[in-house]
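Everything on this sheet refers to the single structure shown next.
Each value in this text was obtained by applying a stated rule to the coordinates, not by laboratory testing. Since we're looking at a predicted model, the values are computed, not measured. Note: ideal-geometry Cβ built from the backbone for every residue, glycine included; neighbour counts use all protein chains shown.
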Amino acid sequence: MADHEVDLFVIGAGSGGVRAARIASSYGASVTIAEEYRVGGTCVIRGCVPKKLLVYAARFSGDFEDAAGYGWNVPAATFHWPTLIANKDREIARLEAAYTATLERFKVKLIKSRAMLEDAHTVRLSSGERVRAKTILIATGARPYHGAQIAGLDHVISSNEAFHLAQLPKRVLIQGGGYIAVEFAGIFAGLGSRVTLVYRGENILRGFDDDVREHLRGEMQRRGIKIITKQTVAAVEKVDRGYDVALSDNRQIMADLVMFATGRHPNVTGFGLEAAGVKLAANGGIAVDSYSRTSVPNIYAVGDVTNRINLTPVAVREGHAFADTVFGGKPTEVDHSNVPTAVFSEPELGVVGLTEAQARERLTKVDIYKTSFRPMKATLSGRDTRVFMKLVVDGSTDRVAGCHIIGPDAGELIQLVGVAVKMGATKADFDATMAVHPTAAEELVTMREKAASYSQAAAE
Ligand code: NDP
């Protein structure tokens, strides 16, 4: 027997779960949401938000250096990690309280507890209380995955712990070549740590455009980050002064902090998915259809637990679409195409649409435009850095199929380019747009010469 009944029970109060809960409630549904950790989920508590605050902190060192060329005499700056962490923690607590208040305002009942599915309609809380729900939404997110078992793995931290270090490590070794590895490499380097990044493949950021990967690697190296490719961490040993890290080629590197950013796995175990009959997809996430419905008709799943595109705005959109579909009488599918994304590396990377390689695979005719230039600010600062921009154009329709930017504010730029690409803007539309001068972004509308042109016929 259930202790009470609701229209919707949401498991997980992260970005996707919270959005779904409040929209469903606004349609008149009775909603309960269970969260075993902190309200806000990965993005707010130990992801996007605290990460961006650390990125801001890290960039000041470059700004202080750059200021000299503009006439500023900046006395040797010092940095105090505990201040940054305490201020960041205060901001995260404020945001968590704001999320909680939003749930209250929308009359969503929040239960701070782990939730277990007993069957397709029954959820048991850690208090033993049972809730019967007409619809259940799983929004349990994902968690860091450390890869193969190696000696000394218990000395290794993930990004979760990186946000709470007692002090800034002098020497940091990061394994991984994806978003988190690249972002934290920039954070620690900017704050003054000596950073080594170890990646198993040929080049960092697999899946991104090859020119982008090459350019960003060069920029990171110029900022003092040591990048070792085609190697993995084989063992980590605690020694007197830090950690002795052995790589697969037997090289040894000393570090004060070893962090792995080797991907994240969907949280699909330990809360009764099998009991409810929910099936998983081949990629380890919960299998869902285009309305986020699982193999059990009254159970839905959104966000990282479905392992589709693991980005906060995507989870939010999926949660909103779920609520519209199930409680708002507006069946809504989420369009997962042309999702713009940014990597908050130093310098920043912004991307939307196809890479050159993807375009050459999928389109019959492809035109490539690209440029690399010294940003104006670097002329007086003397900083050795270059901005990179690339447009991938469908040669048959003239539509811009992809845009790739490395440079200051690339994340901000790609948000707007994303609108144009989503609308189907052509290269001619870009060309017809008047430049804003002097900006870096004006290059996006002034690239006239093709860097390359491919057609199926030519490739054969
Ligand atoms: P990613 O999947 O982006 O990168 C994982 C990296 O670890 C890859 O370079 C991968 O190599 C490597 N790797 C995987 N397994 C092993 C292993 N066993 N040994 C050695 N290396 C390994 O995951 P992240 O952890 O960086 O981030 C998780 C997700 O979170 C991202 O994909 C993204 O969706 C999201 N995110 C988004 C951010 C943003 O929007 N700015 C910021 C941070 C995270 P290989 O390439 O060879 O597979």
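Below are the figures for this structure:
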item	result
Per residue Cα convex hull volume in Å³ - calculated over the stretch 407-454	105
Alpha-carbon centroids, the stretch 64-87 and the stretch 200-248: separation in whole Å	27
Packing-based order for 284-293, 446-455, using average beta carbon neighbours within 10 Å, highest first	284-293, 446-455
Net charge of neighbours whose Cβ lies under 10 Å from the Cβ of Gly16, counting Lys and Arg as +1 and Asp and Glu as -1	0
Lysine pairs with alpha-carbon atoms under 22 Å apart, the stretch 326-441, spacing 8 or more or separate chains	9
Mean residue ellipticity (222 nm) of the chain, computed from DSSP H runs ≥ 4 via -39,500 (n - 2.57), nearest 500	-10000 deg cm²/dmol
Ranked packing of 210-221, 341-352, most packed first, by mean Cβ within 10 Å	341-352, 210-221
Euclidean distance of C-alpha centroids, the stretch 6-24 and the stretch 45-60, integer Å	26
Euclidean distance between Cα centres, the stretch 346-362 to the stretch 101-118, Å	39
All lysines inside 24 Å of Lys226 as judged from Cα atoms, apart from same-chain residues fewer than 8 positions distant	Lys51, Lys52, Lys170, Lys238
Kirkwood Rh (inverse of mean 1/r, distinct Cα pairs), the stretch 64-138, angstrom	17.3
P(r) weight above 15 Å for the stretch 212-281, C-alpha pairs, percent	71
Ratio of Rg to Rh over the stretch 268-366 (Cα coordinates, Kirkwood Rh, two decimals)	1.06
Expected-Rg normalisation [2.2 N^0.38 Å, Cα atoms] applied to the chain	1.06
Relative packing of peptides 307-320, 75-88 - highest average C-beta neighbours within 10 Å first	307-320, 75-88
Angstrom value of the Kirkwood radius, inverse mean 1/r, which spans all Cα pairs in the stretch 142-244	14.4
